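Note sheet for the following structure.
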Amino acid sequence: TNKKEWQVPTVEMLDVSE
Amino acid sequence: MTNVYLAEQQITQSPDSIVSDMNGEKVMFSIASGKYYNLGLIGGRIWELIATPTTARELVEKLLQEYNVSRTACEEQVDAFLRRLHQESLIEVRNLEAHR
């Protein structure tokens, strides 16, 4: 209890032009 | 954790990046590559935890204290995440074995 929800850590590369 | 990437190596943030916090997610610009990345919420937390040099083993222990996740899943997913950061030169790695 009292622990935060886990999500799979990812490295998302952003297309800055978009 | 013997098979986890970088388990016994010291990891820290690469200084060649500019990081911004956007609603808890870490968005960063790599000066070296000119690329932008979004590390998301958990990735952002990991990024904070490696502000000072730490090992993947220590990193996983801290995450297990904070998040509702099994050790196996945490190790596997942090392992893949660190590999990707290393591929993109977003972290610096120092081999502790060389200093023993």
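Every number here is computed from the coordinates shown, using simple stated rules; none is lab data. Predicted, not measured: the structure shown is a model, and the values here were computed from it. Using ideal geometry, Cβ is built from the backbone for each residue, glycine included, and neighbour counts are taken over all protein chains shown.
Can you tell me what the convex hull of the Cα atoms of the protein assembly as shown projects to on average, as an area in nm²? Don't skip to the end; give the middle numbers.
On the way: hull surface 31.7 nm².
Result: a mean projected hull area of 7.9 nm².
Please list the non-local residues whose amide H lies under 5 Å from the amide H of residue B:55, H modeled 1.01 Å from N, same-chain partners needing a gap of 5 or more.
Under 5 Å from the amide H of residue B:55: B:11.
Report, by chain and number, residues whose modeled amide H sits under 5 Å from the one on residue B:17, excluding near sequence neighbours (fewer than 5 apart, same chain).
Correct list: B:31.
Hey, what's the Cα Rg ratio for chain B versus the globular rule of thumb, 2.2 N^0.38 Å?
Dividing the Cα Rg of chain B by 2.2 N^0.38 Å gives 1.04.
So how strong a dipole does chain B carry about its Cα centre when Lys and Arg Cβ are +1 and Asp and Glu Cβ are -1, to the nearest 20 debye?
Roughly 80 debye for chain B.
Quick one: if you stick a label point 7 Å off each Cα along the C-beta vector at residue B:33 and residue B:16, how many nm between them?
Going by the 7 Å Cα→Cβ label model, 1.1 nm.
Using just the helices of the protein assembly as shown, give the 222 nm mean residue ellipticity in deg cm²/dmol: DSSP H runs with n ≥ 4 each add -39,500 (n - 2.57), and the total is spread over all residues, rounded to 500.
-10000 deg cm²/dmol
Go through the range B:28-37 residue by residue and turn each phi into a ³J(HN,Hα) via Karplus (6.51, -1.76, 1.60, θ = phi - 60°); whole Hz please, and just put x for glycine and proline.
Each residue's phi maps through the Karplus curve to give 9, 10, 8, 5, 5, 9, x, 9, 10, 9 Hz.
Arranged by the count of other C-beta atoms within 10 angstrom, fewest first, what order do B:84, B:71 take?
Final ranking by Cβ density, sparse to dense: B:71, B:84.
Amide H of residue B:26 versus every other amide H placed in the peptide plane: which residues, excluding those fewer than 5 positions away on the same chain, fall under 5 Å?
Under 5 Å from the amide H of residue B:26 lie the amide H atoms of B:39, B:40, B:44, each far enough along the sequence or on another chain.
Using the Cα centre of the protein assembly as shown as the reference point, and only Cβ charges (+1 on K/R, -1 on D/E), how large is the resulting charge dipole? Debye, rounded to the nearest 20.
Dipole magnitude for the protein assembly as shown comes out near 280 debye.
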